[in-house]
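Please read the structure below before turning to the comments.
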Amino acid sequence: MEKLMFRFPATKKLNSISHVGVVGSGDLEILMEPLEGTYTEVLVRTGTTGFKETWSSVLERFFSQHDVSAMIKINDFGATPGVVTLRLSQALEVANDARYVKK
């Protein structure tokens, strides 16, 4: 099991927490929660070792377009870069959807 940590600058606030995906063959789980501050912190736990540069590129691309302040935990089971981007987009959509915000 490899653990990777990344940090990206952020200017936007996240509305609420979200949880999408499952840890299973070729997929991943994302837990996203608001973070006070001007950065996003991403912890990736993966059973596939040796892909830090790939993870860095995928995450840099995503957070250059979606600079939300959040703590994100990703539990990976061999997801492709496309699946990572899809799940991140889904988690962001759920976290910012007013129907899911706790009042």
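Can you give me the accessible area per residue for the range 1-97, using a 1.4 Å probe, in Å²?
Numbers: 5180 Å² over 97 residues.
I get 53 Å² per residue for this part.
Starting from the alpha-carbon convex hull of the chain, give the projected area averaged over all orientations, in nm². Don't skip to the end; give the middle numbers.
Values: hull surface 23.9 nm².
For the Cα atoms of the chain, the hull's average projected area reads 6.0 nm².
List the residues, sorted by chain then number, that are 5 or more residues from A10 or on another chain and whose placed amide H is less than 5 Å from its amide H.
HN-HN under 5 Å from A10: Y39, T40.
If you place +1 on the Cβ of every Lys and Arg, -1 on the Cβ of every Asp and Glu, and leave all else neutral, what size is the dipole of the chain about its Cα centre, to the nearest 20 Debye?
Numbers: 12 positive and 12 negative charges, 51 e Å.
Magnitude of the dipole: close to 240 debye.
Treating cross-link reach as a plain straight distance, find the aspartates and glutamates whose alpha-carbon is under 15 Å from the alpha-carbon of K13, omitting any fewer than eight places away in the same chain.
The qualifying aspartates and glutamates are E33, E36, E41, D67, E93, D97.
Do the sum for the chain: with -39,500 (n - 2.57) for every DSSP H run of n ≥ 4, divided by all residues, what is the mean residue ellipticity at 222 nm, to the nearest 500 deg cm²/dmol?
On the way: 2 runs with 30 residues, N = 103.
My calculation for the chain gives -9500 deg cm²/dmol from helical runs alone.
The values are calculated or read from the model by the stated rules, or taken from the named source; none is laboratory data. This is a predicted model, so every value here is computed, not measured. FYI the Cβ positions are ideal-geometry reconstructions off the backbone, even for glycines, and counts take in every protein chain you see. Heads up: the accessible areas ignore ligands, DNA and RNA and are worked out on the full protein's heavy atoms, side chains in. Shrake-Rupley method; radii C 1.70, N 1.55, O 1.52, S 1.80 Å.
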